[in-house]
Amino acid sequence: MSRLPSKKDVVVIGDLSFINGFKLAGVRRFFEISEGENISELKKELGELLTKLYEDPSVGIIVIQYRFRDLIADKLQKMGREPLVVFVPSSKEASKIDVRDYYLRMIKSYLGVSIEV
């Protein structure tokens, strides 16, 4: 008999307006990042938070606001493939990037296949 996968938590990292949408969707674990922090402190804080979350076996998916992607790219290169990390643009950021292309590339990198929509 195969073992059913255990239920894992979704964790959201972003500014207040970003995480509020996920709260409405029922996400219970989130970390608010303040707007006014300087870059080096923010990079350090995000790095420490990611380390904790990667060590937590109850975490299955980490949703991070897209604007923080460049600050933690080097850290993510050193981490494993689990939990799954997904960068999601806020409503303000969505107009600045090609969201369709971004998600198609993300799906290809995770699944190893290309899809057309």
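Of note:
- Residues within the stretch 1-51 that are modelled with pLDDT of 90 or more, part of a loop (DSSP other than H, G, I, E, B) and surrounded by 16 or more Cβ atoms within 10 Å (Cβ to Cβ), tallied: 2
- Residue within the stretch 58-67 that is modelled with pLDDT of 90 or more and surrounded by fewer than 13 Cβ atoms within 10 Å (Cβ to Cβ) present: yes
- One residue stands out in the stretch 24-73 among those that are polar (S, T, N, Q) and more than 11 Å from the chain's Cα centre (by Cα): the one that is farthest from G14 (Cα to Cα), namely S58.
- Flag for F22 being under 18 Å from D70 (Cβ atoms) and in contact (Cβ under 8 Å) with a residue 40 or more places away in the chain: no
The values are calculated or read from the model by the stated rules, or taken from the named source; none is laboratory data. Everything numeric in this text was worked out from a predicted model, so none of it was measured. Heads up, the Cβs are rebuilt from the backbone with ideal geometry, glycines too, and the neighbour counts pull from every protein chain shown.
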